[in-house]
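Read the structure below first, then the notes.
The values are calculated or read from the model by the stated rules, or taken from the named source; none is laboratory data. Quick caveat: nothing in here was measured; it's all calculated off a predicted structure. Cβ sites come from the backbone with ideal geometry, for glycine too, and all protein chains shown count toward neighbours.
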Amino acid sequence: MAAKTMTGLSARERLLAAANELFYAEGVHTVGIDRVIEKAGVAKASLYNTFGSKDELVRAYLESRHARVTAGISSYLERYGTPREKLLGVFEAQGELFAEQGFRGCAFASATSEAHGEQVDQAAGSYRAWVRGLLSGLAREAGAADPELLGWQLHMIYDGASQSARMDHASSASSAARAAAEALLDAALA
């Protein structure tokens, strides 16, 4: 384990925190390694000893975003009892993300739009597979005849809501997305 700094965070934790703040706010392509190192307050060698390259730091940043979103949505859904409620709750949980100060859209969409590479594409693919799997799984549990198709359709609504919230600066996009999801779900269960 890395030695703890005076603030109690390891060099790895500080680098990830700095990367998360800078990459999310400004973009992975725009932000150089020197800015991340400066923000983290670590030596350049710490970055390369810990991650090996900027690409690996970007991958770790996206994986940490994935873990954060997964935990947030999973925790939010614990309040619901039925698959239908949970499925619609995904869009409510998304609304909480939209309402966060500094919301700038989907970190994965942003990263893949500016920095295609194996690490970025794998991290984004893993996140998208999780979202689609969650939606399809809940659709299956709710009794949809074609849960994979419904999951895909709901995923498109989920993605569109994120784009709308970012571009229109409208955290209420989640309410419209939830209503659209509910209509699709009801039609699929009819």
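For region 117-125, does any single residue satisfy the condition of being touching a helix residue (DSSP H, G or I) at 6+ places or on another chain (Cβ under 9 Å) and over 30 Å from Lys54 (Cβ atoms)?
no
With surrounded by fewer than 18 Cβ atoms within 10 Å (Cβ to Cβ) and either on the phi > 0 side of the Ramachandran plot or among the basic types (Lys, Arg) (or both) as the only criterion, which of Arg79, Arg84 stands out? It would help to see each step written out before you state the result.
Values: Arg84 fails: surrounded by fewer than 18 Cβ atoms within 10 Å (Cβ to Cβ).
The match here is Arg79.
Mind telling me which of the residues Tyr80, Tyr76, Tyr61 ends up being assigned to a helix (DSSP H, G or I), over 19 Å from Met156 (Cα atoms), among the hydroxyl-bearing types (Ser, Thr, Tyr) and in contact with a Gly (Cβ under 7 Å, 6 or more places away or on another chain)?
Details: Tyr80 fails: assigned to a helix (DSSP H, G or I); Tyr61 fails: in contact with a Gly (Cβ under 7 Å, 6 or more places away or on another chain).
Every option except Tyr76 fails the conditions.
Kindly check whether there is at least one residue in region 141-161 that is surrounded by 18 or more Cβ atoms within 10 Å (Cβ to Cβ) and in contact with a Pro (Cβ under 8 Å, 6 or more places away or on another chain).
Yes, the conditions are met somewhere in region 141-161.
Quick one: in region 26-50, which of the residues that are assigned to a loop (DSSP other than H, G, I, E, B) and more than 21 Å from the chain's Cα centre (by Cα) is farthest from Gly102 (Cα to Cα)? If you could, list the steps in order and put the result at the bottom.
The first filter runs over region 26-50 and keeps only residues assigned to a loop (DSSP other than H, G, I, E, B), leaving 27-32, 41-43.
Applying the additional criterion that residues be more than 21 Å from the chain's Cα centre (by Cα) yields 32, 41-43.
Details: Gly32: 20, Gly41: 23, Val42: 25, Ala43: 28 Å.
So, considering only residues that are assigned to a loop (DSSP other than H, G, I, E, B) and more than 21 Å from the chain's Cα centre (by Cα), the one farthest from Gly102 (Cα to Cα) is Ala43.
Just need a number here: residues in region 173-190 that are more than 10 Å from Gln94 (Cα to Cα) and either in contact with a Leu (Cβ under 6 Å, 6 or more places away or on another chain) or surrounded by 14 or more Cβ atoms within 10 Å (Cβ to Cβ) (or both). Reasoning before the result, please.
Taking region 173-190 as the starting set, the residues that turn out to be more than 10 Å from Gln94 (Cα to Cα) are 176, 179-190.
Then drop every residue that is not either in contact with a Leu (Cβ under 6 Å, 6 or more places away or on another chain) or surrounded by 14 or more Cβ atoms within 10 Å (Cβ to Cβ) (or both), which leaves 176, 180-182, 184-185, 188.
Total satisfying the criteria: 7.
Applying the selection to region 14-36, what residues are of a type in the set (D, E, K, R) and surrounded by 18 or more Cβ atoms within 10 Å (Cβ to Cβ)?
The one that is of a type in the set (D, E, K, R) and surrounded by 18 or more Cβ atoms within 10 Å (Cβ to Cβ): Arg14.
Test each condition in (1) in contact with a helix residue (DSSP H, G or I) (Cβ under 7 Å, 6 or more places away or on another chain); (2) farther than 30 Å from Ser53 by Cα; (3) surrounded by 15 or more Cβ atoms within 10 Å (Cβ to Cβ) for Ala170 and report the one that comes out false.
That leaves (3) as the condition not met.
What's the total number of residues in region 116-130 that are surrounded by fewer than 19 Cβ atoms within 10 Å (Cβ to Cβ) and of a type outside the set (D, E, K, R)?
Of region 116-130, the ones surrounded by fewer than 19 Cβ atoms within 10 Å (Cβ to Cβ) are 116-118, 121-122, 125-126, 128-130.
Filter again for of a type outside the set (D, E, K, R), leaving 116-117, 122, 125-126, 129-130.
Looking only at that region, the number is 7.
Each row is one residue, and each column tells you yes or no for (1) out of contact with any Leu (no Cβ under 9 Å at 6 or more places or on another chain); (2) closer than 17 Å to Phe108 by Cβ; (3) at pLDDT below 95.
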{"residue": "Thr7", "(1), (2), (3)": "yes, no, yes"}
{"residue": "Ala25", "(1), (2), (3)": "yes, yes, yes"}
{"residue": "His29", "(1), (2), (3)": "yes, yes, yes"}
{"residue": "Asp34", "(1), (2), (3)": "yes, no, yes"}
{"residue": "Asn49", "(1), (2), (3)": "yes, no, yes"}
{"residue": "Val58", "(1), (2), (3)": "yes, yes, yes"}
{"residue": "Ala71", "(1), (2), (3)": "yes, yes, no"}
{"residue": "Pro83", "(1), (2), (3)": "no, no, no"}
